[in-house]
Each structure stands twice: as structure tokens, then as C-alpha cells.
Amino acid sequence: MRIIRFKDDRGDIHHGIPQEGFKQADILSGDLLAGSLTPTGKIVEVAQLLAPVVPVNLLCIGANYAAHAKEFGRDLPEKPILFMKNTSSLNHPGQPVCIPRCQMRGPEVDYEAELAVVIGKAAK
């Protein structure tokens, strides 16, 4: 089942099953992380798609693949390089990416793909 998080035209936030190419959604009731979501049959307009979850922390791992390390003229580190990102750096689908002037290091903006993993149980 494909699940989206969205804001309806009243400004209320829901999880739902997308309909009509993400223009509408069937509202889900229950808890996303507990795996207890069930369709309500109530179809509403999707005013804005939102990020799938609201994270408490964003833990990142840097220089964790050979091509990226080589790009900076470095070897792969022996141990993972961990760092945190502020949760305000999360962006909703289709929204503009705002880059503060202090972050601009030249005429181009650097980019990279990110993968998010939600762990719903205690892990080591």
C-alpha cells in the first residue's frame, strides 16, 4: 500500500492512500509506526504533499562510498563519519530548496541523493 503524508484544504495533516494522481487521498486512521493504519473511506483533496515523517533526529554518515571519498582526494575512512543535520533541513516534496548565502561557496550548488531509514524497533 502506498502511503502519503499530506495537508488537506483545511490545513489538517493526515496520512492517506493517494488517489487521482496524488490530487486526492483516502484518509487513514491509526498509527503509522505501529503498522495499524486502516482506510476510512473518506476521500479528501490533497492541498500539499508533506515529508513522509517528522523526524526527531537526522543522523548522517559521511564519505561512506569510494567515489565520494575519491572526489575529495581521500581514502575511505576506517570508521563511519557521523554527523547530525537540523530537522529544519528536511524539505517537503515539490517545495523550493532554500540555500542561505553563507552556504554558497561558488556559482554552483552541490547536490547528492539521500536515503532515509525509519527503524521502528530497538536496533544495534
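Please specify each residue of the stretch 57-76 satisfying the condition of being outside any loop (DSSP other than H, G, I, E, B), open to solvent by less than 70 Å² (accessible area, probe 1.4 Å) and either at pLDDT 85 or above or in contact with a Pro (Cβ under 9 Å, 6 or more places away or on another chain) (or both). Within the stretch 57-76, 62, 69 qualify. Which one is surrounded by the most Cβ atoms within 10 Å (Cβ to Cβ), of the residues in the stretch 28-53 that are of a type in the set (A, V, I, L, M) and under 24 Å from residue 96 (Cα atoms)? Out of the qualifying residues, it is 46.
Candidates are the residues of the stretch 85-96 that are open to solvent by less than 100 Å² (accessible area, probe 1.4 Å) and part of a loop (DSSP other than H, G, I, E, B); the one that is nearest to residue 59 (Cα to Cα) is 90. Scoring residue 47 on the criteria (1) within 19 Å of residue 18 (Cβ to Cβ); (2) touching a residue at least 24 places away in the same chain (Cβ under 8 Å); (3) part of a loop (DSSP other than H, G, I, E, B) leaves a single failure, condition (3). Within the set 116, 25, the sole residue that is at pLDDT 85 or above, surrounded by 10 or more Cβ atoms within 10 Å (Cβ to Cβ) and closer than 23 Å to residue 4 by Cα turns out to be 25. Only one of the numbered conditions (1) within 29 Å of residue 2 (Cβ to Cβ); (2) at pLDDT 85 or above; (3) open to solvent by 100 Å² or more (accessible area, probe 1.4 Å) is violated by residue 82, and that is (1).
The values are calculated or read from the model by the stated rules, or taken from the named source; none is laboratory data. Only a predicted model underlies this, so the values are computations on that prediction, with no experimental measurement involved. Cβ: placed from backbone, ideal geometry, glycine included. Neighbour counts: every protein chain shown. Protein only, heavy atoms only, side chains kept; ligands, DNA and RNA dropped before computing areas. Shrake-Rupley method; radii C 1.70, N 1.55, O 1.52, S 1.80 Å.
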